[in-house]
Amino acid sequence: MATATERLSTVQALYAEFIDTFGNVLFAVSLLAVWGVMTLIGVVIDQGKDPAAYFNEYPAQLARAVLRLGLDHIYHSYEYVGLIGLILVSLTVCTFKRVIPARLPPLRPVLVDKIPLHAFIEANGSEGEVRARLEGFFAKAGWHIRRKVFNGVEWTFADKHNWARRGVLVAHLGFAIIAAGTTLYWLKGFSGAVAILSGQTVQIPQNGDMLTVHSFNYTIKPTQTRGGLVYQPVDYVSDLTAASASGATTRNLLRVNHPLEFDGISYYQASYGYGVRFDLTQAGHPVAGVPATPMFEGDAFPVGPTGRSIQYSQFVGTIDPRSPSGVGADPRPFNPGVVVTVLDGEQPLGQEIIPLGRAVDLGGGYRLEPVSYRLYSGIEYRHDPGVPLVGLGALVLVAGVCISFYFLPARLFVRLEGEGDRWMVGLAAQTPKGYTMFEEQFAALVASLQRSEEATVS
């Protein structure tokens, strides 16, 4: 059975290993690199969408990988939050075991002539007079003076921009605040997207808000370029009513780059499209399974018991027989139609453009007709209670970085040796950024001090 001393030794060894691992700068940088990659994945892959949206946007194998690996909600994953926790632990260990001891060194004597930045200056007068002149000189130049006795020898320490030594600590604090904001979003926040047909009401599943799009309008401005006429949407706007579960309502025009803030949620006008209603008949009789409401791009329905299905792939505003694809450049519905894809399971068998209001023969007595279309508004929403914390953390982080880069803290070690009226002032300087950064300033300081002492003697 292990003795108390052996148990204590084991705990101390584990603690030392923990400090060595989490206090290692390379380990901390590796964690930050992994965090950056995971964050980038969350930026590249739209988060919180319906699984069908990923199959419409990516190849089937990639879409399955996104869903199985949880990349569709990576910011809410335990791995992402756990990684932030490891980063915070590493930053804490680095701060208290490496940064603070290096940035805030204790006052201690040094061998002046062993410091690369050092100088010796002759001074005349009593010890009290010389010390008073030195302290007055440094104080006038903006240095903070402290005295301390070591083994009966009195040293003078002068610090400048000593507060700037805490710049790294401020930057670490900023990251911790950002991490707290991110964690708060993980705990309380949510995001998503909905497509709402004109005249339709949709409920936000996370908080029960009801969104009604009364009408949707867009503006397309044809622009002549070297490559031809380009039809670029310049504005699209939804006449929207939002109603909360508590009964509060608001009606606004929701347009691009002008989000609506309601009930703690930000709503964004993100996209638009055309919902299309189809009729499918066999021998003149309606076939079951076809939605009675307009379908969105990517939606599909079965072709009776055949095992095949029809997918609404694209709305074509202008069918152009002169174009190789049959799709005209003008997206406005002047000669509208739809592109449908015939699927056998998940395997596409072919595509065809069908003019709106015209039926096509699918074989086996089946006939398909796109009957009508209706505009829909694509709205994204986001509730992030951690935004204020993330903004504050970013400001603190930038402040810490600026303090660390643009201010140079320095410490002077001053020792007086001699007797009577003849003294030798030993002066050495250190900075947390190395000696070369302070070389010119130290030379100018020594020259100024030399002139001051010479003026006193004369």
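The values are calculated or read from the model by the stated rules, or taken from the named source; none is laboratory data. Model, not experiment: these values are computed from the prediction. So basically every Cβ, Gly included, is an ideal-geometry build from the backbone, and we count neighbours across all protein chains shown.
Annotations
- Members of region 351-371 that are of a type outside the set (D, E, K, R) and in a loop (DSSP other than H, G, I, E, B): LEU356, GLY357, ALA359, GLY364, GLY365
- Which listed residue is closer than 26 Å to ILE403 by Cα and surrounded by fewer than 18 Cβ atoms within 10 Å (Cβ to Cβ), from ALA141, ALA171, ALA158: ALA141
- Taken across region 353-367, residues that are surrounded by 18 or more Cβ atoms within 10 Å (Cβ to Cβ), assigned by TED's automatic domain parsing to the domain that holds PRO305, in contact with a Pro (Cβ under 6 Å, 6 or more places away or on another chain) and within 30 Å of GLN224 (Cβ to Cβ) do occur, with at least one present.
Residues are listed down the side, and each one gets a yes or a no for (1) hydroxyl-bearing (Ser, Thr, Tyr); (2) touching a Leu at 6+ places or on another chain (Cβ under 9 Å); (3) modelled with pLDDT under 90; (4) surrounded by fewer than 19 Cβ atoms within 10 Å (Cβ to Cβ):
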position: ASP279; (1), (2), (3), (4): no, yes, no, yes
position: ALA283; (1), (2), (3), (4): no, no, yes, yes
position: THR293; (1), (2), (3), (4): yes, yes, no, yes
position: GLU297; (1), (2), (3), (4): no, no, no, yes
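- Looking across ALA16, ALA28, one residue alone is part of a helix (DSSP H, G or I), out of contact with any Ser or Thr (no Cβ under 7 Å at 6 or more places or on another chain) and among the aliphatic types (A, V, I, L, M). It is ALA16.
- Qualifying residues in region 43-55 (those that are at pLDDT below 85 and part of a helix (DSSP H, G or I)) - the one surrounded by the fewest Cβ atoms within 10 Å (Cβ to Cβ): VAL43
- Any chance VAL93 is surrounded by 18 or more Cβ atoms within 10 Å (Cβ to Cβ) and closer than 27 Å to ASN24 by Cβ: yes
- Per-region count, region 319-343, residues over 29 Å from VAL287 (Cα atoms) and either in contact with a Phe, Trp or Tyr (Cβ under 9 Å, 6 or more places away or on another chain) or in contact (Cβ under 8 Å) with a residue 60 or more places away in the chain (or both): 5
- Residues of region 217-254 classified as over 18 Å from ILE196 (Cβ atoms) and of a type in the set (Val, Ile, Thr), total: 6
- Extreme residue, farthest from TYR366 (Cα to Cα), among residues of region 301-328 that are crowded, with 16+ Cβ neighbours inside 10 Å and of a type in the set (S, T, N, Q): THR318
- Single unsatisfied condition, GLY247 versus (1) outside the structural domain of GLY307 (by TED's automatic domain parsing); (2) at pLDDT 90 or above; (3) outside any strand (DSSP E or B): (2)
- Residue selected from region 135-155 under the condition assigned to a strand (DSSP E or B) and in contact with a Ser or Thr (Cβ under 9 Å, 6 or more places away or on another chain), by the criterion nearest to ARG451 (Cα to Cα): ILE145
- For ILE220, the conditions (1) within 29 Å of GLY386 (Cα to Cα); (2) part of a strand (DSSP E or B) are fulfilled apart from (1).
- Note on region 279-309: residues that are within 30 Å of GLY378 (Cα to Cα), among the polar types (S, T, N, Q) and assigned to a loop (DSSP other than H, G, I, E, B) amount to 1.
- Scanning region 70-81 finds one or more residues that are in contact (Cβ under 8 Å) with a residue 60 or more places away in the chain, in contact with a helix residue (DSSP H, G or I) (Cβ under 6 Å, 6 or more places away or on another chain) and among the β-branched types (Val, Ile, Thr).
- Region 206-234, residues that are of a type in the set (Val, Ile, Thr) and closer than 30 Å to LYS49 by Cβ: THR212, VAL213, THR219, ILE220, VAL230, VAL234
- Scanning region 389-412 for residues being outside any helix (DSSP H, G or I) and among the hydrophobic types (A, V, I, L, M, F, W, C) gives a total of 4.
- All positions within region 56-107 that are part of a loop (DSSP other than H, G, I, E, B) and touching a Ser or Thr at 6+ places or on another chain (Cβ under 8 Å): GLY70
- Within region 232-250, being loosely packed, with under 13 Cβ neighbours inside 10 Å and among the small types (Gly, Ala, Ser) holds for ALA245, SER246, GLY247, ALA248.
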